[in-house]
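Participant: What follows is a structure written as structure tokens; I'll ask about it next.
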Amino acid sequence: MRHPVALLSVALAALLALGTGAPVQRQDSRNKLLLVSFDGFRWDYDQDVDTPNLDAMAQDGVKARYMTPAFVTLTSPCHFTLVTGRYIENHGVVHNMFYNTTSKVKLPYHATLGIQRWWDNGTVPIWITAQRQGLKTGSFFYPGGNVTYQGEAVTLSRKEGVLHDYKNEQEWRANIDTVMRWFTTEDLDLVTLYFGEPDSTGHRYGPESQERKAMVQQVDRTVGYLRASIESHGLTHSLNLIITSDHGMTTVNKQASDLIEFHKFPNFTFQDIAFELLDYGPSGMLLPKEGALERVYDALKDAHPRLHVYKKEEFPKSFHYASHPRITPLLMYSDPGYVIHGRINVQFNNGEHGFDNGVMDMKTIFRAVGPSFKVGLETEPFESVEVYELMCRLLGIVPEPNDGHPDTLLPMLRAGSARLPSGRPSLVMGLLGAVVLLAKIA
């Protein structure tokens with residue numbers, strides 16, 4: 001060999017190039033992944049209703065006793081935790097509503113879905129991570145799936161209209177048909193699919209209502225249709241399916257004699273407040289005017305036995321919520337069953353979420369089935385931040401920095417089904433061997 005040093009240099013350059021984050025070639029043998037979220041599906045909703053399809057899914061795959069969502073238990077923040085593996089204070093989507101404490105702008109849930117800067121604030125979700133490693137992804141109504149991240153959009157995405165009817169069962173089936181085409185015709189590797197029920201029904205009628213029970217039966221029929229569609233499209237042995245949710249639901253004590261009403265608190269006045277985010281379930285934020293922080297805090301800290309008010313720096317660390325810059329100097333949450341009324345009483349839901357994620361009514365479901373999952377396994381509870389690492393392992397991609405642990409959910413998987421990221425380790429070992437050999441020759 002005439003130029004071993006030159007060859008050694010080339011090999012080292014090739015090895016180093018693997019760490020540059022450049023897209024890798026697709027591996028056609030990998031399994032696909034479908035993440036489905038049924039919003040507001042409490043962990044025990046299948047216990048007072050017959051759910052043969054969810055039951056069959058548990059028998060054929062994996063079921064967790066329950067899953068603990070992130071705090072604050074709201075739709076957009078919790079869904080973004082699932083696709084980033086980060087606690088809410090670390091991914092920055094701290095609320096369903098976009099807000100700006102300077103301009104005083106507050107936008108509702110649907111409008112916030114399209115505010116790119118609300119979502120793209122430093123954390124990269126799994127769609128973009130997968131695409132940068134050679135995969136194709138899709139998002140159907142999933143919160144955060146229709147904006148760009150660092151200039152990159154999800155391969156295929158759909159966003160619902162502002163007046164969307166979330167409970168239309170025929171549309172649910174049509175959406176599933178579209179997702180099946182995405183997997184087959186468009187050859188997508190990862191799709192996230194969102195349904196707005198049973199959350200909407202739980203809000204309107206309450207989690208113990210007959211209407212909620214009927215909606216859970218509709219969810220179960222849809223799970224049956226989904227699994228039949230997977231089989232009819234020839235995806236049973238190449239598609240892993242995860243069904244989960246963002247949070248649970250609890251009954252609101254609307255007729256309680258001790259409602260939490262800011263407009264009735266003594267020694268408190270909204271004239272001391274520069275910005276408020278109240279009247280949104282059981283959590284709230286306040287920005288006192290300059291010089292008024294201590295006065296406002298003193299007026300509120302013991303204003304109601306079911307209201308828990310904190311200075312930002314004193315908020316319980318276990319919630320992993322308050323350290324983000326978007327969080328105001330004062331924040332609060334109320335006990336289960338109680339919502340926070342601000343200037344007037346404008347909340348009339350019979351069911352609500354947003355409470356302490358340690359409360360059992362806030363826990364949610366996790367089911368998984370497919371070629372990579374064990375059969376008939378029931379696992380102990382875990383936190384929703386762990387799902388991201390599991391999905392990355394199923395797809396064989398290198399995860400972004402996150403708050404989960406790569407080994408927590410591995411016991412769910414069949415032996416040999418946990419993919420090494422993108423086939424890189426074998427390539428790296430091969431190049432390392434070549435470098436060692438060339439070094440000896442040199």
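Participant: Under 6 Å by Cβ, and 6 or more places apart or on different chains, what pairs join a residue from the range 108-121 that is within 16 Å of E152 (Cβ to Cβ) with one that is not in a loop (DSSP other than H, G, I, E, B)?
Facilitator: If the second residue must be not in a loop (DSSP other than H, G, I, E, B), the pairs left are D120/Y149.
Participant: Let me ask something additional. Being over 20 Å from V369 (Cα atoms) and surrounded by fewer than 22 Cβ atoms within 10 Å (Cβ to Cβ): is that true of G92 here?
Facilitator: yes
Participant: Out of all the residues in the range 337-348, which are over 19 Å from Y99 (Cβ atoms) and surrounded by fewer than 18 Cβ atoms within 10 Å (Cβ to Cβ)?
Facilitator: Matches in the range 337-348: G337, I344, N345, F348.
Participant: Report the residue count in the range 368-385 for those that are closer than 29 Å to A228 by Cβ and buried (at least 24 other Cβ atoms within 10 Å of the Cβ).
Facilitator: Total satisfying the criteria: 4.
Participant: Ok, one more. Of all the residues that make up the range 251-277, how many are among the charged types (D, E, K, R) and under 30 Å from M360 (Cα atoms)?
Facilitator: Residues in the range 251-277 being among the charged types (D, E, K, R) and under 30 Å from M360 (Cα atoms): 4 in total.
Participant: Tell me, yes or no, whether the range 46-57 has at least one residue that is more than 25 Å from P371 (Cα to Cα) and surrounded by 24 or more Cβ atoms within 10 Å (Cβ to Cβ).
Facilitator: Checking the range 46-57: not a single residue is more than 25 Å from P371 (Cα to Cα) and surrounded by 24 or more Cβ atoms within 10 Å (Cβ to Cβ).
Participant: Please report, ordered by residue number, the helices (runs of 4 or more DSSP H) entirely within the range 73-153 with at least 3 residues that are under 22 Å from T244 (Cβ atoms) and hydroxyl-bearing (S, T, Y).
Facilitator: 75-84
Participant: Quick check: is even one residue across the range 120-129 at pLDDT 95 or above, assigned by TED's automatic domain parsing to the domain that holds W182 and farther than 28 Å from R393 by Cβ?
Facilitator: No: the range 120-129 contains no residue that is at pLDDT 95 or above, assigned by TED's automatic domain parsing to the domain that holds W182 and farther than 28 Å from R393 by Cβ.
Participant: Would you please name the residue that is surrounded by the fewest Cβ atoms within 10 Å (Cβ to Cβ), looking only at residues in the range 297-330 that are basic (K, R) and closer than 30 Å to G122 by Cβ?
Facilitator: K317
Participant: Would it be correct to say that L188 is of a type in the set (A, V, I, L, M), in the same structural domain as T201 (by TED's automatic domain parsing), within 22 Å of M215 (Cβ to Cβ) and assigned to a loop (DSSP other than H, G, I, E, B)?
Facilitator: no
Participant: If you take the residues in the range 191-214 that are touching an Asp or Glu at 6+ places or on another chain (Cβ under 8 Å) and in a loop (DSSP other than H, G, I, E, B), which one is nearest to A130 (Cα to Cα)?
Facilitator: By that ranking, first place goes to G196.
Participant: Among (1) touching a residue at least 24 places away in the same chain (Cβ under 8 Å); (2) aromatic (F, W, Y); (3) within 22 Å of V359 (Cα to Cα), where does Y297 come up short?
Facilitator: Only one criterion in (1) touching a residue at least 24 places away in the same chain (Cβ under 8 Å); (2) aromatic (F, W, Y); (3) within 22 Å of V359 (Cα to Cα) is unmet by Y297, namely (3).
Participant: Within the range 176-191, can you find the residues that are buried (at least 17 other Cβ atoms within 10 Å of the Cβ) and touching a Leu at 6+ places or on another chain (Cβ under 7 Å)?
Facilitator: Across the range 176-191, the qualifying residues are I176, V179, W182, F183, L188, D189, L190, V191.
Participant: Please name all residue pairs, on different chains or six or more residues apart, with Cβ atoms under 6 Å, provided the first residue is in the range 155-177 and is part of a loop (DSSP other than H, G, I, E, B) and the second residue is of a type in the set (S, T, N, Q).
Facilitator: Filtered contacts from the range 155-177: T155/T137; K159/N146; Y166/S200.
The values are calculated or read from the model by the stated rules, or taken from the named source; none is laboratory data. Because the structure is a prediction, the values reported are computed rather than measured. As a convention, Cβ positions derive from the backbone with ideal geometry for all residues, glycine included, and neighbour counts pool all protein chains shown.
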